[in-house]
1. When residues of region 25-43 are filtered for being within 16 Å of residue 14 (Cα to Cα) and part of a strand (DSSP E or B), how many remain?
2. Where the second residue is exposed (fewer than 12 other Cβ atoms within 10 Å of the Cβ) and modelled with pLDDT under 95 and the first is closer than 16 Å to residue 24 by Cβ and lies in region 34-59, which pairs have Cβ atoms under 7 Å and are six or more apart or on separate chains?
3. When you go through 24, 33 one by one, which is the residue that is on the phi < 0 side of the Ramachandran plot and surrounded by fewer than 12 Cβ atoms within 10 Å (Cβ to Cβ)?
4. When you scan region 44-63, how many residues do you find that are surrounded by 11 or more Cβ atoms within 10 Å (Cβ to Cβ), under 16 Å from residue 14 (Cβ atoms) and not aliphatic (A, V, I, L, M)?
5. Determine whether region 35-46 contains at least one residue that is in contact with a helix residue (DSSP H, G or I) (Cβ under 8 Å, 6 or more places away or on another chain) and modelled with pLDDT under 90.
Amino acid sequence: MPIEARICGLGSFASHGFTLETPDDHVVFLLHDWERIAIFSQTGAIGESIQAECARHMVQVHGWKWKP
């Protein structure tokens, strides 16, 4: 997955310590501050689902208030 696609998939969460790693041709790891928090299939990983998981993590683990 090219770096541009990784940043695009993360949207504004890219500036909050989230990264995407592709260890092989099948999966994408979502990391926050280098801790793996989710695994996606490369064929099913879309920006909306990745960003929803980022938001869920920030609300549940870091106490963010959700503002859609």
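1. Pass one, region 25-43, residues within 16 Å of residue 14 (Cα to Cα): 28-38.
From what is left, the residues that are part of a strand (DSSP E or B) are 28-32, 35-38.
Going through region 25-43 one residue at a time, the tally reaches 9.
2. Listed by first residue and then by second, the contacts come to 41/26; 42/25; 42/26.
3. Numbers: 33 fails: on the phi < 0 side of the Ramachandran plot.
The match here is 24.
4. Let us first name the residues in region 44-63 that are surrounded by 11 or more Cβ atoms within 10 Å (Cβ to Cβ), namely 45-47, 49-59, 61.
Checking the rest, the ones that are also under 16 Å from residue 14 (Cβ atoms) come to 45-47, 49-55, 57-58.
Imposing the further condition that a residue be not aliphatic (A, V, I, L, M) reduces the set to 47, 49, 51, 53-54, 57.
Matching residues across region 44-63 total 6.
5. We begin by selecting, within region 35-46, every residue in contact with a helix residue (DSSP H, G or I) (Cβ under 8 Å, 6 or more places away or on another chain); these are 37-38, 40, 45-46.
Next, from what is left, pick out any that are modelled with pLDDT under 90: 45-46.
For region 35-46, residues in contact with a helix residue (DSSP H, G or I) (Cβ under 8 Å, 6 or more places away or on another chain) and modelled with pLDDT under 90: present.
The values are calculated or read from the model by the stated rules, or taken from the named source; none is laboratory data. Only a predicted model underlies this, so the values are computations on that prediction, with no experimental measurement involved. Don't worry about glycine lacking a Cβ; one is built from the backbone with ideal geometry, like all the others, and counts go over all protein chains shown.
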